[in-house]
1. Which one of Leu50, Leu118, Leu39 has the biggest mean-square fluctuation once the chain is modelled by GNM with Cα springs under 10 Å?
2. Read through the labelled values (i) 0.93; (ii) 1.05; (iii) 1.00 and report the label of the one computed as Rg/Rh (Cα atoms, Kirkwood Rh) from the structure.
3. If you take the charge dipole of the chain about its Cα centre, with +1 on Lys and Arg Cβ and -1 on Asp and Glu Cβ, which of Ser189, Ile169, Leu241 is farthest toward its positive end?
4. If I compute solvent accessible area with a 1.4 Å probe over the protein chains, what percent of it on the chain is carbon and sulfur?
5. Read phi for every residue in region 157-171 and hand back ³J(HN,Hα) as whole Hz from Karplus 6.51 cos²θ - 1.76 cosθ + 1.60, θ = phi - 60°, with x for Gly and Pro.
6. Once amide H atoms are built 1.01 Å from N in the peptide plane, which residues 5 or more positions from Ile152, or in another chain, come under 5 Å H to H?
7. Label point 7 Å out from Ile106 along Cα-to-Cβ: which residues of region 28-63 have amide N under 15 Å?
8. Placing unit charges on C-beta atoms (Lys and Arg positive, Asp and Glu negative, everything else neutral), compute the dipole magnitude of region 1-116 about its Cα centre in debye, rounded to 20.
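The values are calculated or read from the model by the stated rules, or taken from the named source; none is laboratory data. In this text the structure is predicted, and so the values were computed from the model without any measurement. Neighbour counts run over all protein chains shown; Cβ positions are idealised from the backbone, glycine included. Only protein heavy atoms, including side chains, enter the accessible area calculation; ligands, DNA and RNA are left aside. Shrake-Rupley method; radii C 1.70, N 1.55, O 1.52, S 1.80 Å.
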Amino acid sequence: MNFFNIILINPILNIMVAVYQLLILIHVPSALGFSIIFLTIIIRLILYPLMHQSLRQQKKMQQLTPHINKLKEKHKNDAKRLQMEQMALFKEHGVNPASGCLVMIIQIPILIALYNVLLLVVRSTSIQAINSRLYFNFLKLNEMWNTNFFGIPLAHTPKDLLGTIGYGIILVSVLTGALQLIQSRMMMSPSADMPKQDKKKTDEPDFATAFQTQSMYILPVMVGFFSFSLPFGLSLYWNTLTIFGIIQQYIISGWGGLVDWLPFLKKS
């Protein structure tokens, strides 16, 4: 854990405190909340090349889906031949199915470190707990930061804030889940781009498609539920992360499957 602190958590914390001190210097209100937002953007910009490559590979895989389905039908009784034909297809189109996994393996430790930094920041009640991790004296805090973001305590959960703020705080969890749903839908191909299949084939269960569809709905519900029980500062981080992801997804492949729900997006 000390090694994890040295290579990831402490550097990320130092970047965040540097952003915070800069915002304080120019008298930005709710500086800690905006520090979380800017830190998340900085981390996503660092990861942008990896995410860009992963999304491009994902788009290529979606474009190859009709060809893969044809190969599955043609070689349904010969698994070895099917595997060889699929690998040849991937090589021909410059697709590496494992690249997405590699990108996730690289990203996960960074995002876990960012999560731990945010927990430390919003829950810490001791200046020493923060200052002891900072590299330079000019970064060290003279007083504990204000953990409110426009009147909402970053360290409190929406669940805890029901009594003081009211039921309006539930909108935080609704927004978190809605943004996740939008991103999940954008990652799917529009129905117009999906290959036409015979009715007999469409009646057969497609595990991959069914799993993707179920995940598209289950993940946003889970994210929204967890955001209701986790500190508001983490929802701020997650929503910033998701909005950045939506923008990046749009740059790579447009609105994707979202046009099936909002047809007017086809014109944009």
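1. Sorting by GNM fluctuation, first place goes to Leu50.
2. Only one option fits the structure, namely (ii).
3. Towards the positive end, the residue furthest out is Ser189.
4. Values: 10340 of 15910 Å².
C and S fraction of accessible area: 65 percent.
5. Once rounded to whole Hz, the list reads 8, x, 4, 6, 8, 4, x, 9, 9, x, 5, x, 5, 4, 4.
6. Those qualifying (amide H under 5 Å, at least 5 residues apart or on another chain) number zero.
7. Counting only backbone N, you get 43-58.
8. Numbers: 11 positive and 4 negative charges, 114 e Å.
Here the size comes out at about 540 debye.
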